[in-house]
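Enquirer: The structure under discussion is supplied below as structure tokens; questions concerning it will follow.
The values are calculated or read from the model by the stated rules, or taken from the named source; none is laboratory data. Quick caveat, the model's predicted, so the values are computed rather than measured. Glycine gets a Cβ as well: all are built from the backbone with ideal geometry, and neighbour counts include every protein chain shown. The accessibility values were calculated without ligands, DNA or RNA, using every heavy atom of the protein model including side chains. Shrake-Rupley method; radii C 1.70, N 1.55, O 1.52, S 1.80 Å.
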Amino acid sequence: EAGVTQFPSHSVIEKGQTVTLRCDPISGHDNLYWYRRVMGKEIKFLLHFVKESKQDESGMPNNRFLAERTGGTYSTLKVQPAELEDSGVYFCASSQDPNGELFFGEGSRLTVL
Amino acid sequence: GDSVTQMEGPVTLSEEAFLTINCTYTATGYPSLFWYVQYPGEGLQLLLKATKADDKGSNKGFEATYRKETTSFHLEKGSVQVSDSAVYFCALSQGQGAQKLVFGQGTRLTINP
């Protein structure tokens, strides 16, 4: 069974441009999470989907970030316009139920120049 | 708010050495505690967890005991191998699951043969 997949694995863009990251969770996992690790600091929670609904988006840093999960399958995280401080690694994770084990993808590295 | 502090790395050891990576936390109530590991080129994987005070999580020779009196969850292994080289993250969540993890900054471990 495929794990959580994310792409692109690495994206390099200029400040002011737009980037869209995609996450495909494990099939059947209703819970999908986005996290990010900026500049070697701690990994921080961004938001949590249950199916297509945003359960908790308290970690989203500002309105330049937009996450969607249409149809309750894959999710996208768009950053528009990107700023230098958005550089980091964006992790996606999924779980079958909220109390279950979280399975992480390899992460998408974003570099904003 | 909740927070996790773990010892700064990088940590470099020789094969068969004893490993301790310190982790302390600040949280309200009784959080669940986790250690995640990220091997090169892979996503984060759950290494072990403990959900209540005095519980010991163990896996692959690693152990950590939930110490409420010292708010700690130190990771230990008696004899490390080259294959243990990775980045280790301590984390907590409120409740038994991993719905919204709060991570430490990560500790890079390198084991030399």
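Enquirer: May I ask you to give the solvent-accessible area per residue for the range A:42-103, in square angstrom, as obtained with a 1.4 angstrom probe?
Expert: 48 Å²
Enquirer: Restrict the search to the range B:1-107; then list the trypsin sites (Lys or Arg not before Pro) that DSSP places in a loop and that have at most 16 other Cβ atoms within 10 Å of their Cβ.
Expert: Qualifying residues, ordered by number: B:52, B:60, B:68.
Enquirer: Which of A:71, A:113, B:45 sits farthest toward the positive end of the charge dipole of the protein assembly as shown, with +1 on the Cβ of Lys and Arg and -1 on the Cβ of Asp and Glu?
Expert: A:113
Enquirer: While we're looking at this one, here's another question. Once the mean 1/r over all distinct Cα pairs of the range B:15-85 is inverted, what Kirkwood radius in angstroms do you read off?
Expert: 12.8 Å
Enquirer: When 1/r is averaged over all different Cα pairs and the result inverted, which Kirkwood radius in Å belongs to the protein assembly as shown?
Expert: For the protein assembly as shown, inverting the mean 1/r across all distinct Cα pairs yields 18.0 Å.
Enquirer: Run the accessible area of the protein assembly as shown with a 1.4 Å probe and give the carbon-and-sulfur part as a rounded percent.
Expert: Looking at the protein assembly as shown in its full context, I get 47 percent from C and S.
Enquirer: Within the range A:9-111, report the GluC sites (Glu not before Pro) that DSSP leaves as loop and that have at most 11 other Cβ atoms within 10 Å.
Expert: Qualifying residues, ordered by number: A:14.
Enquirer: Out of all DSSP beta bridges with both ends in chain A, state the antiparallel percent to the nearest 5.
Expert: Of the beta bridges lying entirely in chain A, close to 90 percent run antiparallel.
Enquirer: Counting only the backbone N, which residues of the range A:42-78 are under 12 Å from the spot 7 Å out from the Cα of residue A:22 toward its beta-carbon?
Expert: Answer for this model: A:74-77.
Enquirer: Another one. Quick check: the distance between the Cα centres of the range B:4-55 and the range A:11-58, to the nearest angstrom?
Expert: 23 Å
Enquirer: May I pose another question? Going 7 Å from the Cα of residue A:70 along its beta-carbon direction, which residues of the range A:3-25 have the amide nitrogen within less than 15 Å of the resulting point?
Expert: A:20-23
Enquirer: I've got another one for you. On the Cα set of chain A, report Rg and Dmax in Å, please.
Expert: 13.1, 39
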